[in-house]
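Asks: Quick one: structure below, then a few questions.
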DNA sequence: ATGAAAGCGCTAACAG
DNA sequence: CTGTTAGCGCTTTCAT
């Protein structure tokens, strides 16, 4: 573990000043160094195995080229594609990503935020901040907020997923297939539940259908996905065994949809003949299910990429926030697979 | 965006020296400050909204409290639990995690490694380094290497998954259920394929069974999981339609197992009555499949946690590597679900 | 228990 | 195009 060489060492060996050597490794555009000198410096650096010390650089320049992503839980199946969308975009601009989990805990959330500023990270992407968090008093750094509904902020840039529109698309599709008694499986955070429930009620109203409370089921979420899954199945089986069971089920996320698929099989219901199932998230698990699960895609990868682009723009243009925040909305798309279809002929 | 307060500002307001103030925020044990002074400093800091600048701290102390994880692809379904295992362990010790993707590209891998040293990260967890990478010339920092086989290093600490043992467990189980013609689905990297194939052949030999080449199928991996999935299904259907189809299939990863499940359903084969299927990885997709997929768990979460612990030990004990590297092996476990069972009665 | 002083390695003016 | 200089904000001896 011998001390690693510094810029001075390189400069000395290359017979130039520290400053010139620095320019060769600098990210800033104005790196005006003669080819010859540059070559000499690079050679010296190579010989010494020099690597710039970014701690020192950022102390001076106030830039770490590190971005923070604060999400609830990386273990959530839809996190990876979001992250990848962000990373791919960032990588193109030489930024790396630090990922924090909040586990839906406002305290951890705050703690993470503090770590973000301590570490001098250059930007922040924050997923669905908890209500306890006052967005207006977020640390003062470029940021974009990811929300799962059309919640706009007058303070910060946002990228939102039009989940309400997604629910509508799923229901519209199911209705167009002849289903008029559609069960809905709700779960997740309070706002998620209320939003999607409202979308469901709105749709029923506008389609002139009669709402049946029995068809609306809330699945309380547990910390571990497996636990939620087990719980979901118990509730779903009730729905399926009820005398007047729905001909279709819309699950507000794929885990619930998958649970429905599994219970249908166990209960001896043929999908989609006896029951159509539509999920939401379009996880790989949906594609790989048997039968493959029809699902509403939230385009997490694109959401990530868009958020990253938005953030980089902020970072690169000093006065970007002066015209007020930018609120972007990403549409959902229905991916029709084998778990859904027209309602069966009226049973004689 | 006004300049944020520094330690001197805090010290001034609290009527002490910079040094004393520093001790209050320092991580090092020897923080000997009188309660009274400490309180005063904390109060001043609070009033000013002071937050330590870690760039400055690490320039001086050579510690960033940031760890690098270099994996192939975060989008891989088994990445999240690995990451979470690492993060949970690190968080307990005040470290955060920076995640890099290599996409199985040796160039990206090297590039990431350079970023690790530039950023002065305190440690490195490296997943299955490519053959092109000479492990002995990894950057000189605490590190642990994650391998998917019992590959030991005489240079670095490793945490390995006993996948070969996992394959054996799956086959032993299937054989104990009466299956003696077991198809195997291979895929992934070259070394993964060869290792698992050898395990398969070894098992067949020791069990005194006759190897049939037709039962061994290689699924070439594509970049996108969906593409691999489609490709897999085409190859699997051949296996299922062949005159002498196997009574069981062992898939060397869950994606392949899920593909088999889906094809079985499409081909009208009842699982597990007509065909038993066992996967490997124990993804959530396995649990949520219909029927739920029996799978070999590689305990990714624990692997991550163990790697993180190993790394932290190295970091905290100067001379840890003097006694030579530590090589840990994590066993696989078979999780029996509904996709596998005894072989059907001999067909009359 | 506290303070004074000397940098860590680099960047950012500014001069030439 | 290149060199000089002055710190960035903190940690770390070394005194007191």
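Here's the yes/no breakdown for (1) more than 7 Å from DNA strand D (Cβ to nearest atom); (2) without any contact (Cβ under 8 Å) to a residue 24 or more places away in the chain; (3) buried (at least 20 other Cβ atoms within 10 Å of the Cβ):
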{"site": "B:36", "(1), (2), (3)": "yes, yes, no"}
{"site": "B:45", "(1), (2), (3)": "yes, no, yes"}
{"site": "B:49", "(1), (2), (3)": "yes, no, no"}
{"site": "B:55", "(1), (2), (3)": "yes, yes, yes"}
{"site": "B:58", "(1), (2), (3)": "yes, no, yes"}
{"site": "B:66", "(1), (2), (3)": "yes, no, yes"}
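Asks: Here is a list of conditions, (1) within 11 Å of DNA strand D (Cβ to nearest atom); (2) away from chain A (no Cβ under 14 Å); (3) part of a loop (DSSP other than H, G, I, E, B); (4) modelled with pLDDT of 90 or more, and residue B:16 meets all of them except one; can you say which number that is?
Replies: (1)
Asks: Another question about this same structure. Scan region A:307-315 and tell me whether some residue there is crowded, with 19+ Cβ neighbours inside 10 Å, within 13 Å of chain B (Cβ to nearest Cβ), at pLDDT 95 or above and touching a strand residue (DSSP E or B) at 6+ places or on another chain (Cβ under 7 Å).
Replies: There is no residue in region A:307-315 that is crowded, with 19+ Cβ neighbours inside 10 Å, within 13 Å of chain B (Cβ to nearest Cβ), at pLDDT 95 or above and touching a strand residue (DSSP E or B) at 6+ places or on another chain (Cβ under 7 Å).
Asks: Looking at A:326, A:315, can you tell me which residue is touching a helix residue (DSSP H, G or I) at 6+ places or on another chain (Cβ under 7 Å) and either over 26 Å from residue B:225 (Cβ atoms) or without any contact (Cβ under 8 Å) to a residue 40 or more places away in the chain (or both)?
Replies: Testing whether each residue is touching a helix residue (DSSP H, G or I) at 6+ places or on another chain (Cβ under 7 Å) and either over 26 Å from residue B:225 (Cβ atoms) or without any contact (Cβ under 8 Å) to a residue 40 or more places away in the chain (or both) leaves just A:326.
Asks: In region A:58-86, what count of residues is obtained for those that are in contact with a strand residue (DSSP E or B) (Cβ under 9 Å, 6 or more places away or on another chain) and at positive phi?
Replies: Number satisfying all stated conditions: 1.
Asks: Only one of A:105, A:88 is at pLDDT 95 or above and surrounded by fewer than 21 Cβ atoms within 10 Å (Cβ to Cβ); which?
Replies: Just one listed residue meets the conditions, A:88.
Asks: Scan region A:130-164 residue by residue and report those that are out of contact with any helix residue (DSSP H, G or I) (no Cβ under 8 Å at 6 or more places or on another chain) and not in a loop (DSSP other than H, G, I, E, B).
Replies: Hits for region A:130-164 are A:135, A:136, A:137, A:147, A:158, A:160.
Asks: Moving on. Can you pull out the residues in region B:4-13 that are in a helix (DSSP H, G or I) and either within 14 Å of chain A (Cβ to nearest Cβ) or within 9 Å of DNA strand C (Cβ to nearest atom) (or both)?
Replies: Matches in region B:4-13: B:7, B:11.
Asks: Of all the strands (runs of 3 or more DSSP E) wholly in region B:19-129, which have at least 2 residues that are facing another protein chain (nearest Cβ under 10 Å), in contact with a helix residue (DSSP H, G or I) (Cβ under 7 Å, 6 or more places away or on another chain) and away from DNA strand C (no atom under 13 Å from the Cβ)?
Replies: By residue number, B:66-71, B:96-101.
Asks: On the given criteria, is residue B:162 within 14 Å of chain A (Cβ to nearest Cβ) and surrounded by fewer than 21 Cβ atoms within 10 Å (Cβ to Cβ)?
Replies: Judged against the criteria, residue B:162 is not a match.
The values are calculated or read from the model by the stated rules, or taken from the named source; none is laboratory data. What you are looking at is a predicted structure, and each value in this text was computed from that prediction instead of being measured. Neighbour counts are summed over all protein chains in view; Cβ atoms, including those assigned to glycine, are modelled from backbone coordinates with ideal geometry.
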